[in-house]
1. Identify all residues within segment B:116-146 that are out of contact with any Asp or Glu (no Cβ under 6 Å at 6 or more places or on another chain), open to solvent by 20 Å² or more (accessible area, probe 1.4 Å) and within 14 Å of another protein chain (Cβ to nearest Cβ); write none if there are none.
2. Which of the residues spanning segment A:67-80 are at the interface with chain B (Cβ under 8 Å from one of its Cβ atoms) and surrounded by fewer than 22 Cβ atoms within 10 Å (Cβ to Cβ)?
3. So in segment B:88-102, with the set limited to residues that are among the hydrophobic types (A, V, I, L, M, F, W, C) and out of contact with any Asp or Glu (no Cβ under 9 Å at 6 or more places or on another chain), which one is nearest to B:Leu17 (Cα to Cα)?
4. Residue pairs, Cβ under 8 Å, 6 or more apart or interchain, first in segment A:81-102 and under 23 Å from A:Ile26 (Cα atoms) and facing chain B (nearest Cβ under 8 Å), second in a helix (DSSP H, G or I) and of a type in the set (Phe, Trp, Tyr). List them.
5. Out of curiosity, is B:Tyr95 at pLDDT 90 or above, among the aromatic types (Phe, Trp, Tyr) and either touching a helix residue (DSSP H, G or I) at 6+ places or on another chain (Cβ under 9 Å) or over 18 Å from A:Gln78 (Cβ atoms) (or both)?
6. So which pairs qualify, if the first residue must be in segment A:104-124 and modelled with pLDDT of 70 or more, the second must be open to solvent by 40 Å² or more (accessible area, probe 1.4 Å) and among the acidic types (Asp, Glu), the Cβ gap must be under 8 Å, and the two must be at least 6 apart or on different chains?
7. In segment B:167-199, which residues are loosely packed, with under 14 Cβ neighbours inside 10 Å and part of a helix (DSSP H, G or I)?
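The values are calculated or read from the model by the stated rules, or taken from the named source; none is laboratory data. Please read these numbers as outputs of a predicted model, since none were measured by experiment. Because the Cβ atoms are built from the backbone with ideal geometry, glycine has one as well, and the counts that use them run over all protein chains shown. The protein model used for the area step is the full one, side chains on, heavy atoms only, and it has no ligands, DNA or RNA in it. Shrake-Rupley method; radii C 1.70, N 1.55, O 1.52, S 1.80 Å.
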Amino acid sequence: MGIELYLDLLSSPCRSVYIFAKKNNIPFTFKQMEVLKDLVKGHSDGFGKVNILRKVPALKDGGFTLAESPAILTYLSQTYKTPDHWYPLDMKKRARVDEYLSWHHSTIRSSVFKIFWLKVRDLNIQSWTSYEALEDLTIPLKQLEEKFLQDKPFLVGNMISLADLVAVTELMQVRLIAIGYNILEDMPKLVEWRNRVEKAVGKELFQEAHKVILNFQDLNSMLTEPQLKEQMKPRLLKMVA
Amino acid sequence: MVVELFLDLRSQPCRALFIFAKKNNIPFEFKDVELLKGHHLSEEFGKVNVLKKVPAPLIHCLSPQHLTSACYVPCSDIAILLYLSRKFNTPDHWYPSDLQKRARVDEYLSWQHTTIREKGCKIFITKVLVPLVVGQPFSPEKLEEAVEELNSALKQFEEKFLQDKPFIVGNEISLADLVAIVELMQPVGCGCDIFENRPKLVEWRSRVEEAVGKELFQQAHEIILNVKNMSTTQLPPELREHVKQFLKP
């Protein structure tokens, strides 16, 4: 039957899974999910069965279903025996990838996630004019540079790994939140690293994965119906509480 | 070469590491770090922890001899647990070689960061840490809010992760259960018995305790279960300021 990947490329974890699978020629069926619309309408039963947590990304491999992008990424890398640099066999290097993936979840991902939903919620009340919430990212970005990247070309060494992929796809999310805002503006080291990651992934694949968010001129255009906004409000308030 | 583990047993991740290392007879040197006494600001610790800025109570690290530099950032406990399990070839059930079972452990370890861990931590911070630092009694509203959030996470824990299995990943204890139990003991230590009225969780907890070994389990949790004593600890002013930074409203 082959693997099914339930993805919405609006979501950064979905993009990292998508890029990883494509880059490594892992055969999969792309199951399009629409996170924002689903928030309103509720999920179809099919997806509910796949993922009780109702999150994307999700993987289905026969009767086996899996959520959480770090788990999906490491599962794919080990099952399909992808090139070592993604998730090195060397214990210490692997520990560094594990370390990054855990840290990322509670810091960068957590902040970006909150900022994203705050923006969606605030569209109901006022237009987004300040980038205050983005300041929340200053400290984690500094730690990313000083603790994880340091003077290495990639987070774990000389080659791209799952850590770099997860980090960069998350940082790209800021493009969606703050159009025209370059979050890495004063951090040339991170900019160079980001470019290296894009190159290692392949420009074409990278652009393809980010097409959805790069084409979003304004988040507002997604939510044109007033009714949609009203329906989303209670759920959003809960999510960013 | 002996592993050095810098641990403060008031911290959940530290307890998981302590239990795991002891249970698997991994030879280690226990470096007792008392966050609230500012040990992490000391010279010795400074050599290991370049940033010296670690939000209490999330501190744990592995000495430099074993990694090119120590893991000391919050959440690196997961990486350390995985590293130890590989390096010391611990019994398979902790982190199964079967890729689907392993993925289940990874799935839980990832999910719990912003759910069980974050909310459990919030209760500890609200009820114990904040009063300690600001010198005022805890806010009942804030505590209630934190408990509600944890309740929501507990529901998902029971329905999605535990279900009707004896342990999270199947018939034997794994790193997922270990990490879960130490997190859930944190609110218990502050007097919030989250196991009350949750018979399924109570049974799971007994199984985990038994699998770990009652004695080791009690030993690891002795400090946190007596955490009431913490509230009378006098925090030196410079440390108070330092900890305050990490306590966001």
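1. If the condition is that a residue be out of contact with any Asp or Glu (no Cβ under 6 Å at 6 or more places or on another chain), open to solvent by 20 Å² or more (accessible area, probe 1.4 Å) and within 14 Å of another protein chain (Cβ to nearest Cβ), then B:Glu118, B:Lys122, B:Glu141, B:Lys142, B:Glu144, B:Glu145 are the ones that fit.
2. To start, the set of residues in segment A:67-80 that are at the interface with chain B (Cβ under 8 Å from one of its Cβ atoms) comprises A:67-72, A:74-75, A:78-79.
Scanning segment A:67-80 gives A:Gln78, A:Thr79.
3. B:Phe88
4. If the second residue must be in a helix (DSSP H, G or I) and of a type in the set (Phe, Trp, Tyr), the pairs left are A:Arg94/B:Tyr83; A:Asp98/B:Tyr83.
5. Answer is yes for this residue.
6. Matching pairs, first to second residue: A:Ser106/B:Glu118; A:Ser111/A:Asp136; A:Lys114/A:Asp136; A:Ile115/A:Asp136.
7. B:Pro199
One line per residue, one yes/no per condition, for (1) assigned to a helix (DSSP H, G or I); (2) in contact (Cβ under 8 Å) with a residue 24 or more places away in the chain:
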{"position": "B:Arg104", "(1), (2)": "yes, yes"}
{"position": "B:Arg117", "(1), (2)": "yes, yes"}
{"position": "B:Cys121", "(1), (2)": "yes, yes"}
{"position": "B:Leu132", "(1), (2)": "yes, yes"}
{"position": "B:Glu148", "(1), (2)": "yes, no"}
{"position": "B:Glu158", "(1), (2)": "yes, yes"}
{"position": "B:Lys165", "(1), (2)": "no, no"}
